[in-house]
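*Asks:* Can you read through this structure? Questions will come right after.
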Amino acid sequence: MKKFLDENFLLKTKTAQRLYHEYAKGMPIIDYHCHLPPQQIAEDTQFETLTQAWLYGDHYKWRAMRTNGVDEAYCTGAKNDRDKFQQWAETVPYTLRNPLYHWTHLELQRYFDIHDVLNGDTAQQVYQECTAKLQAPAWSVKSLLRKMNVKLICTTDDPVDSLEHHQKIRDDEFEIPILPAFRPDNAMNVSNAAKFNSYIKKLEAITNISVSSFDDFLYALQNRHDFFASMGCSVSDHGLEEIYADDFTGLEIDAIFTKVHGGKELNEVEQRKFKSAMLIHFAEWDWEKGWVQQFHLGALRNNNTRMLQTLGPDTGWDSIGDFSQGRALSKFLDKLDVNNKLAKTILYNLNPSDNELMATMGGNFNDGSSAGKIQWGSAWWFLDQKDGMSKQINTLSNMGLLSKFVGMLTDSRSFLSFPRHEYFRRILCDLLGDEIENGELPNDLPWTGKMVQDICFNNNKNYFSWQLDQQPATVIPSAG
Ligand SMILES: [Zn+2]
């Protein structure tokens, strides 16, 4: 019997072990999509307890605790950090076979050198030891990133964000570039007129541009797009149920904007037209600047009204949706391609039944301008686990070029989640190792090892044109 989570965890064959240890393990990490709070990096936060570092803001863990019957007071409520941790530790044994079980123990090993299994009995010891370590400078937020060999991070930021924390990080010359990503979901969400208009007020305030027409609105948003670019941003991101690609005219959009800006609610058709128009504008700006655009498609969010009202969004009440993705996505990408304005694009699906759809959609719009121009992104959110990642890797292999994949990201809100890259790398090496040992792939370790290293790091660096050898203040991704 193999030992639980030893150095050959997930690596069944000798070849897989060699691929991982000799090629994958030493590669640095580019985390090109995550939700880390830039303020904590700017302040180089020192967490006071393991609970603060591990449980605050982690809706994956809250969901597991709730499912285990734990009262909300211990998840997001007012209970003290030690008691919250106890409830989490007592939940952990019940998370067997959920990715949380592996992540939890990988994180204890990699960050704290703790090789115990976490449960109610070990909770006190683990809590004390980790909390004590977290007080030391070697466990500050910046140190945690260094410890994991992270070379670059893209956060996720609203256009109206001042990016003051990114500025401070640059001013302080932190050697790991922390770049913003432009996520304008709120700028196209017109389902509630009052909310949309309060967003316009924020946009006016940050740009000093008065918005009374759709043209003004676009001008102000483009001003933010330019500003984000000046801060080193070269990535946009959209979290949408589906792509909107309805037909519209400029006159229609002007009228729709005037209506919603006047406080009137829009009907479904008007909302879709407006969102369709905004997506085209954003995509064209991304293309003009040589950015990469990302689309996270298919989440059915905020299902629980009572908890949305109490806790707000992104607190663990979302699920996989069953939206129709293919036709509109094709129409949208084609509309941009026809006008020669299709930027590099990464597509992520939350519903696994869209895997083959996404894997084949990219191939329609690769034009030889760069390798893997249209990417099918790594297994996302509920699919970010052994089975989901294996399926993504296998489907991409079958229907595209795995060798050109830009690889893994954490998509996380926690500084302790970087072993998810290791998890992905082990799964990748295991799949390749199996097939080499079965005689399905040639026993050419230098070539397969290079492919592994490309997927871990090199493809990403080349795709985004990151210039990682420079000091942070000068890391401006080149266009193209
Ligand atoms: Zn995300």
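The values are calculated or read from the model by the stated rules, or taken from the named source; none is laboratory data. Keep in mind it's a predicted model, so treat the numbers as computed, not measured. Note: ideal-geometry Cβ built from the backbone for every residue, glycine included; neighbour counts use all protein chains shown. These accessible areas exclude ligands, DNA and RNA; they are computed on the full protein's heavy atoms, side chains included. Shrake-Rupley method; radii C 1.70, N 1.55, O 1.52, S 1.80 Å.
*Asks:* Please pick out the residue among D314, D226 that is open to solvent by 40 Å² or more (accessible area, probe 1.4 Å), acidic (D, E), under 27 Å from A343 (Cβ atoms) and in contact (Cβ under 8 Å) with a residue 60 or more places away in the chain.
*Replies:* Matching residue, one of D314, D226: D314.
*Asks:* Within segment 393-400, can one find any residue that is touching a helix residue (DSSP H, G or I) at 6+ places or on another chain (Cβ under 7 Å), open to solvent by less than 20 Å² (accessible area, probe 1.4 Å), assigned to a helix (DSSP H, G or I) and not hydrophobic (A, V, I, L, M, F, W, C)?
*Replies:* Yes, there is a match, as at least one residue in segment 393-400 is touching a helix residue (DSSP H, G or I) at 6+ places or on another chain (Cβ under 7 Å), open to solvent by less than 20 Å² (accessible area, probe 1.4 Å), assigned to a helix (DSSP H, G or I) and not hydrophobic (A, V, I, L, M, F, W, C).
*Asks:* Would you check which residues across segment 377-402 are closer than 18 Å to L333 by Cα and away from the ligand (no atom under 16 Å from the Cβ) and list them?
*Replies:* G400 - this is the single residue of segment 377-402 that is closer than 18 Å to L333 by Cα and away from the ligand (no atom under 16 Å from the Cβ).
*Asks:* Continuing with this model, one more query. Can you go through Y32, Y101, Y74 and tell me which one is under 26 Å from H296 (Cα atoms), without any contact (Cβ under 8 Å) to a residue 24 or more places away in the chain and aromatic (F, W, Y)?
*Replies:* Working: Y32 fails: without any contact (Cβ under 8 Å) to a residue 24 or more places away in the chain; Y74 fails: under 26 Å from H296 (Cα atoms).
When all the criteria are applied, what remains is Y101.
*Asks:* Also, I was wondering about something else. Spot the failing condition for K195; the list is (1) surrounded by fewer than 18 Cβ atoms within 10 Å (Cβ to Cβ); (2) touching a residue at least 60 places away in the same chain (Cβ under 8 Å), and only one is missed.
*Replies:* So the condition that K195 fails would be (2).
*Asks:* Could you please find all residues in segment 161-218 being part of a loop (DSSP other than H, G, I, E, B), touching a Pro at 6+ places or on another chain (Cβ under 8 Å) and among the β-branched types (V, I, T)?
*Replies:* I176
*Asks:* Moving on to the next point. Could you give every pair whose Cβ atoms fall below 6 Å, whose first residue belongs to segment 159-171 and is more than 24 Å from Y219 (Cα to Cα), and whose second residue is open to solvent by 70 Å² or more (accessible area, probe 1.4 Å), counting only separations of at least 6 or pairs across chains?
*Replies:* H165/Q39
*Asks:* Looking only at segment 97-108, decide whether some residue is of a type in the set (A, V, I, L, M), within 24 Å of G26 (Cβ to Cβ), assigned to a helix (DSSP H, G or I) and within 23 Å of the chain's Cα centre (by Cα).
*Replies:* Yes, the conditions are met somewhere in segment 97-108.
*Asks:* Which of the residues belonging to segment 164-182 are within 30 Å of F257 (Cα to Cα) and surrounded by 23 or more Cβ atoms within 10 Å (Cβ to Cβ)?
*Replies:* P180, F182
*Asks:* Would you be able to tell me the number of residues in segment 319-351 that are surrounded by fewer than 20 Cβ atoms within 10 Å (Cβ to Cβ) and in contact with a Leu (Cβ under 6 Å, 6 or more places away or on another chain)?
*Replies:* Adding up the residues that qualify gives 4.
*Asks:* Pairs please, first residue from segment 251-265 and polar (S, T, N, Q), second anywhere and part of a loop (DSSP other than H, G, I, E, B) and open to solvent by less than 70 Å² (accessible area, probe 1.4 Å), Cβ atoms under 9 Å, 6+ apart in sequence or on different chains.
*Replies:* T258/S213
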